[in-house]
Amino acid sequence: MKETICTILGTIKSVFTRKLANKLVFLFSAIIILTITSLTFASYKIIEKESVKNIIDTNRNNLILINKNIESYFKEVNLVSLPQLKYDNLMNALMGVTDEITAQAYLEDYVRSLFYSRNDFESVCLFLIEQNCYLYISRGDGMDIKVRKVYKEGISKEDWYSRTIESKNNVYIQPLFISKNSSYAVNQDKCYFAYHRTIRNIVDKKAYAVLTFFCNYNSLNEIIKNTSLTDGEQLLFMGADGSIFYTNNINNYNHFNQDTFKYKLTMSGTGMFDWEIEGSNYLTIFDTSDNLKFKLVKLIPYKKIYHAAQTNRMQSIYIGGVILVISVILVVLSANAIISPVKKLTKKMRSFSEGKFDLEAKVKGNDEIAELTSQFNQMVKKINDLINEKYIMKIEEKNATLKALEAELNPHFLYNALQAISTTALKSGMYQISDMVNALASTFRYTIKGKKFVRLQDEIQYINDYLAIQQARFGDRLTVKYEIEDDALDVMIPKISIQILVENSIKHVLEKNYAAVCIVIKAYVKGDDVIISVSDNGPGISPERIEWLKSYLESKGEQDNNNAVGLKNLDTRLKLIYKDRYSLSIESDNIGTTISFIIPEGGKIYV
């Protein structure tokens with residue numbers, strides 16, 4: 001196991017230390033990973049803190065606003081409960097100043113007007129203390145909504161009645177969320193509180209009636225509609241004495257009714273504390289109204305609070321990961337951009353060590369790598385100069401040999417040309433002699449030009465002049481055909497290269513009394529190269545002779561008298577010009593011989 005771990009570590013170390021690019025990528029990536037990881041962690045902590053603070057502030061402000069709306073609502077109910085301008089008439093009806101029928105009608109009308117004044121009044125009751133009865137109207141009566149009168153014993157003994165009568169402001173707000181008011185025969189299923197007001201005589205302060213509004217949830221729902229309760233959040237509405245008016249989760253009613261919980265809500269204003277319900281932790285935020293001292297409480301699960309922070313954390317991690325990937329890619333690209341010139345320079349040095357001295361590395365920029373490349377180019381130039389000095393004489397010697405090989409062609413050709421002119425002069429008129437002399441002059445002008453390379457089209461013209469003289473010798477026995485592609489006409493080729501092959505066919509076929517010869521000159525493009533061939537339909541060359549010719553062409557000894565002088569000449573020139581890319585092939589059978597050679601890359605890079 002230990003050896004395996006060591007092997008793995010060794011492999012990893014080898015990968016990151018074998019090449020400079022890997023070292024740079026590893027170093028830069030490590031720095032970027034450390035930086036981005038630190039920034040991601042720090043940003044997560046900051047975002048988490050801000051997220052929690054934002055949730056707390058938002059909910060606190062929301063509770064304050066809602067609690068103000070609740071207190072405003074109770075102020076409106078309080079104003080409706082006051083007799084105001086109807087006080088005198090109301091008191092006369094309650095005290096029996098008016099007759100009974102008139103008083104009854106007025107009180108019914110008073111109760112009815114209060115009932116229809118607001119949509120959130122589910123029922124309106126007026127308890128007449130001295131008569132021990134009450135008038136009421138309720139929405140739960142169906143289509144027959146009217147004021148009814150009910151005699152009821154024991155109402156004055158109810159707790160809510162005592163609280164209302166004993167209240168300093170003559171008002172008591174009774175919660176109906178759990179326990180209902182049993183004094184009145186009204187439907188309280190849709191009600192969450194009852195608003196009781198004592199109606200007293202201003203003169204003697206005696207209580208004559210208790211007015212009660214049973215309020216439904218319409219107003220409360222309208223007030224708290226902007227408080228979205230999701231993911232286990234709970235809302236609680238409590239009175240100043242700790243009584244519960246409303247909660248959206250009745251299952252936790254007992255938890256909210258605990259003295260410990262109520263004690264934490266005793267402070268005024270806005271506050272918060274932690275509370276646990278059945279193993280779940282809640283952040284409890286509350287607000288106390290200014291006048292009525294109502295408590296509006298909201299319990300937020302901590303898992304929801306930190307869920308937003310966790311979401312932000314995942315976003316931070318995702319963004320950090322994306323930035324990290326992009327950064328690593330940029331590091332790799334940057335490292336390659338730095339290393340690429342070094343790789344190219346290394347490749348040039350490797351080629352130089354293999355003996356290729358005609359090298360020059362491109363210098364880009366002005367940094368240390370550019371300076372190193374420049375120094376390499378200077379070194380190559382100096383070495384080339386030394387090589388040129390050492391081998392200049394040898395090269396000149398080869399050039400002299402090449403010129404001597406080219407010069408050897410002229411005496412043989414001149415002899416044949418003069419013989420042809422003499423024969424023609426005896427057999428023909430002056431015009432033919434003139435044409436021959438012109439052709440001879442053209443060939444001389446072509447050969448004495450100092451150019452080493454000529455266009456294929458010019459070489460063909462020279463061959464035409466040459467053949468004009470040769471056909472004067474051999475007549476119909478000599479036939480020449482051209483198969484030249486247009487794309488090959490402007491290719492630069494060594495001068496007197498095709499003529500050598502044509503002359504070789506004439507010398508070894510026609511001059512040996514072969515009946516007739518057809519010479520085919522071809523030139524065509526194959527890929528980037530140009531293929532040139534000269535074929536004849538002579539008797540061919542024996543395999544033994546072909547092997548001897550190939551051996552002779554590859555040898556570096558002296559030429560064998562006049563045997564294969566032209567081929568040796570052409571082969572030597574091709575070697576000197578095209579080096580390892582030269583090619584001269586000989587193919588022969590009993591129906592003819594074909595000799596071909598290649599001009600690499602259209603001759604462009606060798607001119």
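Annotations for the structure displayed:
- Segment 108-150: number of residues that are outside any helix (DSSP H, G or I) and of a type outside the set (A, V, I, L, M): 20
- Here TYR116, TYR110 are screened, and the one residue that is in contact with a strand residue (DSSP E or B) (Cβ under 8 Å, 6 or more places away or on another chain) and hydroxyl-bearing (Ser, Thr, Tyr) is TYR110.
- Candidate set: segment 253-272, residues that are among the aromatic types (Phe, Trp, Tyr) and out of contact with any Lys or Arg (no Cβ under 9 Å at 6 or more places or on another chain); chosen: the one surrounded by the most Cβ atoms within 10 Å (Cβ to Cβ): PHE261
- Test result for SER81, crowded, with 18+ Cβ neighbours inside 10 Å and either in contact with a helix residue (DSSP H, G or I) (Cβ under 7 Å, 6 or more places away or on another chain) or not assigned by TED's automatic domain parsing to the domain that holds TYR208 (or both): no
- No other residue among ILE300, ILE223, ILE317, ILE305 is surrounded by 12 or more Cβ atoms within 10 Å (Cβ to Cβ), among the hydrophobic types (A, V, I, L, M, F, W, C) and in a strand (DSSP E or B) apart from ILE300.
- Qualifying residue in segment 451-463 (condition: of a type in the set (Asp, Glu) and modelled with pLDDT of 85 or more): yes
- Considering segment 151-194, and only residues there that are within 60 Å of the chain's Cα centre (by Cα) and outside any loop (DSSP other than H, G, I, E, B), the residue that is surrounded by the fewest Cβ atoms within 10 Å (Cβ to Cβ) turns out to be TYR192.
- Qualifying residue in segment 175-183 (condition: touching a Ser or Thr at 6+ places or on another chain (Cβ under 6 Å) and closer than 20 Å to LEU79 by Cα): yes
- Near pairs, Cβ below 8 angstrom, 6+ apart or cross-chain, from segment 258-277 (without any contact (Cβ under 8 Å) to a residue 12 or more places away in the chain) to any residue that is of a type outside the set (A, V, I, L, M, F, W, C) and part of a loop (DSSP other than H, G, I, E, B): PHE273/LYS264
- Residues within segment 469-520 that are closer than 16 Å to THR443 by Cα and among the hydroxyl-bearing types (Ser, Thr, Tyr), tallied: 1
- Segment 228-248 - residue that is in contact with a Leu (Cβ under 9 Å, 6 or more places away or on another chain) and at pLDDT below 85 and, of those, nearest to LYS190 (Cα to Cα): LEU229
- Long-range neighbours under 7 Å by Cβ, at least six apart or interchain, first residue among the charged types (D, E, K, R) within segment 75-87, second surrounded by 12 or more Cβ atoms within 10 Å (Cβ to Cβ) and modelled with pLDDT of 90 or more: LYS86/TYR110
- Residue check for ILE469: at pLDDT 85 or above and in the same structural domain as THR594 (by TED's automatic domain parsing): no
- Only residues that are surrounded by 15 or more Cβ atoms within 10 Å (Cβ to Cβ) and assigned to a loop (DSSP other than H, G, I, E, B) were counted across segment 530-546, and they come to 5.
- Looking across ILE586, ILE521, one residue alone is touching a Lys or Arg at 6+ places or on another chain (Cβ under 8 Å), part of a strand (DSSP E or B) and buried (at least 18 other Cβ atoms within 10 Å of the Cβ). It is ILE521.
- Single condition ILE329 does not satisfy, out of (1) surrounded by fewer than 18 Cβ atoms within 10 Å (Cβ to Cβ); (2) touching a residue at least 40 places away in the same chain (Cβ under 8 Å): (2)
- Subset of segment 52-77 (residues that are surrounded by 16 or more Cβ atoms within 10 Å (Cβ to Cβ) and more than 30 Å from ILE300 (Cα to Cα)): VAL77
- Any chance ILE591 is at pLDDT 85 or above and of a type in the set (A, V, I, L, M): no
- Tabulated pairs, segment 448-466, first within 13 Å of GLU503 (Cα to Cα), second at pLDDT 85 or above and among the acidic types (Asp, Glu), C-beta under 8 angstrom, 6+ apart or interchain: TYR466/GLU503
- Only a single criterion out of (1) closer than 25 Å to ILE577 by Cα; (2) surrounded by 17 or more Cβ atoms within 10 Å (Cβ to Cβ) is not satisfied by GLY527, namely (2).
- Considered as a group, the residues in segment 478-505 that are under 13 Å from LEU467 (Cβ atoms) and of a type in the set (Val, Ile, Thr) include one that is surrounded by the most Cβ atoms within 10 Å (Cβ to Cβ), and that residue is ILE498.
- Flag not set for LYS225, criterion: at pLDDT below 90, over 30 Å from ASN61 (Cβ atoms) and among the basic types (Lys, Arg).
- Residues being surrounded by 15 or more Cβ atoms within 10 Å (Cβ to Cβ) and farther than 18 Å from ILE244 by Cβ - total across segment 282-291: 1
- Test: residue in segment 508-516 that is under 22 Å from LEU567 (Cβ atoms), surrounded by 14 or more Cβ atoms within 10 Å (Cβ to Cβ) and small (Gly, Ala, Ser): no
The values are calculated or read from the model by the stated rules, or taken from the named source; none is laboratory data. Since this is a predicted model, take the numbers as computed values, not measurements. Methodologically, a virtual Cβ is constructed for each residue, glycine included, from the backbone with ideal geometry; neighbour enumeration extends over all protein chains shown.
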